[in-house]
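What follows is one structure encoded as structure tokens, with my remarks underneath.
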Amino acid sequence: MELIQQLVNGISLGSIYALIALGYTMVYGIVKLINFAHGDVFMVGSFVGFYSITVLDLSFIPALLISMIVCAIFGVLIERIAYKPLRNATRIAALITAIGVSLLIENGLIYIRGAQPEAYPNDVLPMDKLDILGVSISSQSILILSVSIILMIILQFVVHKTKIGKAMRAVSFDSEAATLMGINVNNTISATFAIGSALAGAAGVIFGIYYIKIEPLMGVLPGLKAFVAAVLGGIGIIPGAMVGGLLLGVIEALVSAAGYSLWRDGVAFIVLILILIFLPQGLFGKNKREKV
Amino acid sequence: MKKKKKLAGVFLSLSLVAGALAGCNSDSKTSSSSGGSSTSGDTIKIGANLELSGGTASFGQSAADGLKLAIEEINKEGIDGKKLEIIKVDNKSDAAEATSGSIKLVSQDKVVAVVGSATSTNTLAQVQVAQDNKVPLLTPTATNPDITNKAGKLNDYVFRTCFIDPFQGTVAANFASDDIGAKTAAIYVDSASDYSKGLAAAFKEAFTANGGKIVAEEAYVTKDTDFRATLTRIKSAKPEFVFLPGYYEEVGLILKQAREDGIDLPFMGGDGWDSPKVVEIAGAEALKNTFITNHYSPEDEDAKIQDFVAAYKKKYNKTPDAFAALGYDTGYYLADAIKRSGDASPEKIRQALEDVKDLQLVSGTLNLDENHDPIKSATILEYVDGKQTFKTKINP
């Protein structure tokens, strides 16, 4: 019974990682940039959700949608202002810019509102406990899990069944060829950032409701963990990010379950190191030979 | 009547200053008497080096208010015909300021004793000054064990009115064994905090000595947000009681997640929980069946406490917190020592502070152990509908 309970714990945590990891992986897939500011978009989403719920007095779904929209716009702005001018620069320049943007968002928010934490109100979602065979699952975690799954299904639909999804896949495959075929590469990249950031915003609101406490530096660690998840699944591959996120959440829960809770964060990064050494392309990646 | 006395006092001190100025060139306006005995005339001067501004000003201000109330009450009768006078220094919540403030009090104002700061850091900054100048330092609320006894070496001029951190763990263990009737307990500790580890070690020792068994010992680190996996582990160890000596932010999250995972056990912690944030984060529902140890409760029915609360409310128009109560007690502890010292010299006061026995204070009956750390009763508070309510008092 304990094991099942631990799996439930891990999947709840993992679905949040998965939502953030999707943004990492989509952006990497299309512009080959590891967007380290992504964890901070997640944080901004959490705060937007918080203020929608407390100041505007909205319920869960409208707050989630507002947060996703604000984050989508925010993500596009970041891309247009910080990354677009560097599109033809070296990759290390873009990477350093991403770290700079991340620090700017974190400290900018601390400057505006201070570093003190906020607590999400407790009554956003109904709190019922369901006891199934001795495993207790809160109705919150079920709802959160279903929202995450619905968002991932919508994402799969967008990427594989719509025109913009087709454009995204084309640009990620070969952006020059896509340009020649008449695809507007700039708009496609913006759309990718918008979708990835919207998912991060949703993850932020879900995180806030599930874990209550939010603060300006909350995005750092989940951001890094989501990055690990993206690499674990194979960076640039959308189903890989989902599986990687869930797997990482379960691994962390099992490490704690074994009594090594202080090692939990360490294990997440050991996973990253092991994956990079033995399976650099990730679980779902194809072994591509680099062109020289 | 009172006014006349005040006028007389002002006149007296003016004439003292005049005398001092005539005698030698006093280099500071703050010193109202230069050289000679600090007990000259009808006043005995006490220094107070507190956080009146800066980051921890709310602690220092509360302690100062409590101290002031106590001194006013004591001065109604006086000590052997003399009155106590507090000379306040604002250390701005800064350790360097605390050190220089203490030097000023000792060397310029010639106080017989210094009431130290409300926080451990700022009090530690004054310990050396007290030891070097042989002037007793008495802190109302600094709980760090190092203040009175660092690495086995007793700071013989340093005292405190509050109990030290690990003592809360002992009290919690006794409460768990005697009042809850728990035979098994789990400990969930913040491994990044010495405060938390100190409480946990004391709890473990006392609980095992009471015949109890620790069935799970788990740890987290400050800033963690997900505790579910470890909580599930604690749940499956089937303890009857969980000791959680952390700070309010993580405690709030842990309680909420524990209740969601169906852990309905009693949880208990120390004064690290004592913040409105814990209620905000966990919610009143999750705080059911949780307890904390603290220095005192304004809801305690004890007549002494109720008199103090009423007097404090009358003067400051607010309910006194633990800092105010300990500041108040510090005034009485010091006055009692001065009275017993006879000549009010720093050395005799030191001895009298050390020799204190069964002194009745608002925060309990005071005795000292060999490390100058008080042994006194602690108050247990229970959260009812998200509010701290007085549960019981545990004697050591």
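A short reminder: the numbers here are calculations on the coordinates, not readings from a lab. Note that this is a predicted model, so its numbers are computed, not measured. We place every Cβ from the backbone using ideal geometry, glycine too, and count neighbours over all the protein chains shown.
Miscellaneous remarks
- Among beta bridges from DSSP that stay inside the protein assembly as shown, the antiparallel ones total about 45%.
- The slack in the chain from A:D265 to A:N184, taken as 0.36 nm per residue of separation less the alpha-carbon distance, amounts to 25.1 nm.
- Förster radius 30 Å - calculated FRET efficiency between A:K286 and A:N88 (Cβ-Cβ, nearest 0.05): 0.65
- For segment B:287-380, the square roots a ≥ b ≥ c of the C-alpha gyration tensor eigenvalues yield an a/c of 1.5 or more together with a/b not exceeding b/c, which makes the shape oblate.
- Global geometry of segment B:166-294, whether rounded, prolate or oblate, following the gyration tensor of its Cα atoms and the 1.5 cut on a/c: rounded
- Neighbouring partner chain Cβ atoms per residue of A:3-10, average, 10 Å criterion: 4
- Going by neighbour counts of Cβ atoms within 10 Å, the residues A:T188, A:T97, A:T25 line up, fewest first, as A:T97, A:T188, A:T25.
- All other residues whose Cβ lies under 14 angstrom from that of B:I292 are scored, Lys and Arg at +1 and Asp and Glu at -1, for a net of -2.
- Placing a pseudo-label 7 Å from each Cα along the Cα-to-Cβ vector at B:I103 and B:K150 gives an inter-label distance of 1.6 nm.
- Lysine pair number, Cα distance threshold 24 Å (strictly under), chain A, separation 8 or more or different chains: 16
- The label-point distance for A:L95 and A:L56, in a model that sets each label 7 Å from Cα toward Cβ, rounds to 3.8 nm.
- Rounded, prolate or oblate (a/c below 1.5 giving rounded, otherwise prolate when a/b exceeds b/c) for segment B:156-217 by Cα gyration tensor: oblate
- Mean per-residue shielding of peptide A:256-263 is 6, counting Cβ atoms of other chains within 10 Å of each Cβ.
- Length gained on full extension, A:Y111 to A:D174, computed as 0.36 nm times the residue gap minus the Cα-Cα distance: 18.6 nm.
- 222 nm mean residue ellipticity, helices alone, for the protein assembly as shown (DSSP H n ≥ 4; -39,500 (n - 2.57); rounded to 500): -18000 deg cm²/dmol
- Calculated FRET value between A:R80 and A:L103, using beta carbons and R₀ = 22 Å, to 0.05: 0.70
- Signed unit charges on C-beta, dipole axis of the protein assembly as shown, positive-most listed residue B:V309, B:V158, A:V205: A:V205
- Straight-distance candidates among the aspartates and glutamates for linking to B:K348, with alpha-carbon spacing under 16 Å and chain neighbours fewer than 8 residues away dropped: B:D80, B:D156, B:D336.
- With a Förster radius of 30 Å applied to the beta-carbon distance between B:A303 and B:D355, the computed FRET efficiency rounds to 0.65.
- Spacing of the two label points (7 Å from each Cα toward its C-beta) at A:I149 and B:E217, in nm: 4.1
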